[in-house]
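The values are calculated or read from the model by the stated rules, or taken from the named source; none is laboratory data. Source: prediction; values computed, not measured. Here the Cβ is made from the backbone with ideal geometry for all residues, glycine too, and neighbour counts use every protein chain on show.
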Amino acid sequence: MDNSRKRLNSILHQLAEIDYVHPEDIPNIDLYMDQVLTFLDQELGTVREATEDKAMTKTMINNYTKNQLMPPPEKKKYSRDHMLNLIFIYYFKNFLGLKDIKSILDPINEKYYGDNESLDIFDIYCDMVGYERRVAKEVTKDIIKKYNESREAFANQDEESKDILQDFTFICLLSFDVFVKKMMIEQYISGRREEEKNTKEK
């Protein structure tokens with residue numbers, strides 16, 4: 001097995017081990033800041049970057065509240081809905097700015113934050129977890145497909161050059177996918193923001 005295939009298998013193994021925060025593990029009691037930070041560190045351990053000391057810091061959470069990405073804590077305590085907001089923010093912040101994250105979460109918090117008889121943020125999170133399980137399998141298949149495509153590129157080059165160029169091709173294929181999806185998300189958010197602005201002006 002060549003080195004590139006070993007690298008791919010290692011990445012796929014890590015991908016398979018990435019775990020979401022299980023809904024039943026999210027405390028349904030109010031927590032103080034230190035308890036929130038401890039919980040996030042423990043639960044986001046499998047997705048946290050190796051360079052990250054902490055999943056989130058006190059300063060970061062205060063900044064999210066200051067920028068109105070989520071409602072402020074009540075008497076310095078954070079509810080389960082706060083925790084769910086922070087989990088969503090953690091994932092979104094890897095590829096979106098705070099303004100866009102706020103645009104995503106605003107309608108959710110306005111309509112579903114707090115006690116709601118029909119549907120609440122916890123229900124929404126449970127549904128998202130269900131989608132994540134299915135999407136993860138499709139993502140793995142797509143990565144393997146892109147890898148196999150990259151192995152067909154620059155076939156006429158010598159082994160050393162071919163290895164470098166095929167790795168570069170694989171990275172470009174993955175990067176283009178990320179770029180297009182990120183751009184689509186940003187444009188979708190921007191379009192919705194413009195529609196809301198026009199509605200308010202009428």
task = Return the pairs, sorted by first residue and then second, in which the second residue is surrounded by 10 or more Cβ atoms within 10 Å (Cβ to Cβ), the first residue lies in region 10-39 and is polar (S, T, N, Q), the beta carbons are less than 7 Å apart, and the residues are 6+ apart or on different chains.
result = Asn28/Arg80
inquiry  = I need the full set of residues from region 91-109 which are of a type in the set (D, E, K, R) and either under 15 Å from Ile121 (Cβ atoms) or part of a helix (DSSP H, G or I) (or both), in order please.
reply    = Lys99, Asp100, Lys102, Asp106
request  = Please tell me if Val135 is touching a His at 6+ places or on another chain (Cβ under 9 Å), part of a helix (DSSP H, G or I), under 22 Å from Asn94 (Cβ atoms) and not acidic (Asp, Glu).
outcome  = no
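From the residues in region 139-171 that are part of a loop (DSSP other than H, G, I, E, B) and among the small types (Gly, Ala, Ser), which one is nearest to Leu12 (Cα to Cα)?
Step one: list which residues in region 139-171 are part of a loop (DSSP other than H, G, I, E, B), which gives 151-158.
Still in the list and also among the small types (Gly, Ala, Ser): 153, 155.
Details: Ala153: 21, Ala155: 24 Å.
Once the filter is applied, the top-ranked residue is Ala153.
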task = Would you tally the residues in region 74-90 being touching a residue at least 40 places away in the same chain (Cβ under 8 Å) and either in a helix (DSSP H, G or I) or buried (at least 18 other Cβ atoms within 10 Å of the Cβ) (or both)?
result = 10
note = Picking from Tyr188, Tyr125, Tyr91, Tyr131, the residue that is of a type in the set (Ser, Thr, Tyr) and in contact with a helix residue (DSSP H, G or I) (Cβ under 8 Å, 6 or more places away or on another chain) would be Tyr125
ask   = Which members of region 1-48 meet the condition of being at pLDDT 85 or above, surrounded by 14 or more Cβ atoms within 10 Å (Cβ to Cβ) and in a loop (DSSP other than H, G, I, E, B)?
value = Val21, Ile26, Asp30, Leu44
key: Odd one out for Ile189 among (1) free of Cβ contacts under 8 Å to residues at least 40 places away in the same chain; (2) assigned to a helix (DSSP H, G or I)   = (1)
